[in-house]
Amino acid sequence: MITRKIIYSVAVLTLTVFGCKDNKTEIAKETTEAKEESKKPNILFLFTDDQRGGTIGAMDKYAVKTPNMDKLVENGTSFNNAYILGATTAAVCSPSRAMLMTGRHYFNIEPNVYAQFAFPKEEKGKSDKLTFPEYFKSNGYETFATGKQHNGEIWLERGFNVIKSAFLGGMTRHYGTKVKDYTPATGWSEGYKNDEKFSSEVFADAAVGFLDTYKTDKPFLMYVAFTAPHDPRTPPQEFKDMYPNEDIAVPENFMPQHPFEIADDHIRDEMLAPFPRTEAIVQKEISDYYAMITATDTQIGRILQALKASGKADNTIIVFAGDNGLALGQHGLLGKQSVYEHSVSVPLIFVGPNIPKNQKTDALAYLHDVFPTLCGLTGLEIPKSVQTEDLTPIIEGEAKAVRNSMMYAYNSWPGEDFKPKVNNHGGHRAVRQGDFKLIVSSKNDTYTYQLFNVKNDPWELVNLIDDENYSTEKADLTLELEKLIKEAGDPADLTKKEFGLFDHPEDYNYKNKK
């Protein structure tokens, strides 16, 4: 009996000792994992609406005041040649954001995500495509969103732990913006608004509130999407006063009207000012636009200050970008439904640990390169669903470029009924390689070709298409465009009237399908 007690005691002691050792090992492992997780860089994504590339003071192209965006340029790496791929609907923002979220070309994303107007309510936003907030959330990030969300609620619910002051839609007024909140536990709140605050301040309030109350070591991803400087162009008066209309420089490529008929040249965006355009009208439009950018810059400054006060700035990757450009009088246009530089160019800046400061690169970049680039900068594997390029080698100085050409695309929505006053149908396809850019436009039975040397002619004023000295460039770019169209999954056929996109409109008129 005594022997059994001794054996039992020894067994218990052994289990206790080794059990404690196992527990300590497990605790140490969890502690190590927590420390490793806390070392992951945070991500702050700042996104503006309709802000054209170059409309940052430090980029030395347009006379707009942006002291806080200037600091991002000074403290990070900027892409001088950043662009969107394009759109197949006048609401360019929506496919642009869908591409950003997924890292995929819009040809390979469900149209009920980026063309929700064409779908019944029960189909809007349904998608199985992986988004970058969803991916980072699954990799240990706390995810937060505020501001404009233009691709439906489903992606938001999958991708974000907390949503505060979200505007669900494409455009709205800037005072009294109706917003909603969301958490998985509470669902969506009722809509609410603040009639006294400019929209950018409402979204900055939400972002600052998140940073002020975030006290854990878990890395975060913040998605802050402003609705400015999208129209209606109604800036706060103090910022409007900074840009007297008469002091605004008219762009070098100002035209009273576009030189030939193109797709959507009488769409809503183009009807915001009468035809023909006048210099005075364009000056006012640009004044209001710059004022809204400066007003938003002020709110970005508040967010950056809150990040610094949180003590997390040194371990945070900041990305600043816009969703598409805007013409505002260039080439006789006001909107963004084209493939000229003013409409497809966007700002794109990366700031953060180990990112070179005050660097500007001419490498070709797409906005939807952001998803794989954030993976590259944080050490995460790039999902197989992503179709674009990781810009990390450029940022880190290991490569000059990740692509040597890129295409741009725009056309009217193929499923809309023909509306003479809107001037639907038609489209553009374009390719950029080296210093040259070829634009192919098709409207009704007419094809128009434009060839520009965008290095020597950034305003795209001198069409070289009929100059025999550039016949080789035209031929090479045409072949490159055809190749890129095929690689991207673009259904356009350059040999067909309006690229063949309107041959079967019933395939796109989903609302009327039975």
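Rounded is the label for segment 38-400, because a/c, from the alpha-carbon gyration tensor with a ≥ b ≥ c as root eigenvalues, stays below 1.5.
Under the simplified labelling scheme, the Glu279-Asp70 pair shows an inter-label distance of 2.8 nm, with each label point 7 Å from Cα along Cα→Cβ.
Each peptide in 379-385, 432-438 receives the mean, over its residues, of other Cβ atoms within 10 Å, and ordering these scores from highest gives 432-438, 379-385.
Run through segment 132-226 and list the GluC sites (Glu not before Pro) located in a DSSP loop whose Cβ has at most 13 other Cβ atoms within 10 Å.
Working: sites: Glu134, Glu142, Glu153, Glu157, Glu190, Glu196, Glu201; in loops: Glu190, Glu196.
Answer in residue order: Glu190, Glu196.
Would you calculate a helix-derived [θ] at 222 nm for the chain, using -39,500 (n - 2.57) for each DSSP H run of n ≥ 4 and dividing by the full residue count, to the nearest 500?
Working: 13 runs with 160 residues, N = 514.
After summing the helix terms and dividing by residue count, I get -9500 deg cm²/dmol.
Once the Cα atoms are used to define both axes, helix 93-102 deviates from the longest principal axis of the chain by about 40 degrees.
Here Lys312 is the anchor, and the aspartates and glutamates within straight C-alpha reach of less than 20 Å, apart from those fewer than 8 places off in the same chain, are Glu33, Glu36, Glu37, Glu74, Glu142, Asp205, Asp212, Asp217.
Separation of the alpha carbons by more than 32 angstrom is noted, of Lys71/Lys474; Lys197/Lys455; Lys437/Lys497; Lys148/Lys400; Lys65/Lys124, for Lys71/Lys474; Lys197/Lys455; Lys148/Lys400; Lys65/Lys124. Against the longest alpha carbon principal axis of the chain, how many degrees, from 0 to 90 and to the nearest 10, is the axis of helix 199-213 turned? Tilt relative to the chain: about 10 degrees.
Which loop-located chymotrypsin sites (Phe, Trp or Tyr not before Pro) does segment 354-427 contain, where loop means any DSSP state but H, G, I, E or B and the Cβ has at most 13 other Cβ atoms within 10 Å? Present the calculation step by step, with values, prior to reporting the outcome.
Numbers: sites: Tyr366, Tyr408, Tyr410, Phe418; in loops: Phe418.
Taking segment 354-427 and a limit of 13 other Cβ atoms within 10 Å, the loop chymotrypsin sites (Phe, Trp or Tyr not before Pro) found are Phe418.
Summary of the geometry: segment 174-214 and segment 65-105, compared by the centres of their Cα atoms, lie 23 Å apart.
Here the peptides 336-346, 455-465 are ranked by packing, the mean other Cβ count within 10 Å, and the order with the highest first is 336-346, 455-465.
With 0.36 nm allotted per residue and the present C-alpha distance subtracted, the Ala309-Asp60 stretch has 86.6 nm of extension available.
The long axis of helix 279-309 is offset from the longest Cα principal axis of the chain by roughly 10 degrees.
Any read-out appearing in this document is the output of simple, stated calculations on the displayed coordinates, not a laboratory observation. In this text the structure is predicted, and so the values were computed from the model without any measurement. Here the Cβ is made from the backbone with ideal geometry for all residues, glycine too, and neighbour counts use every protein chain on show.
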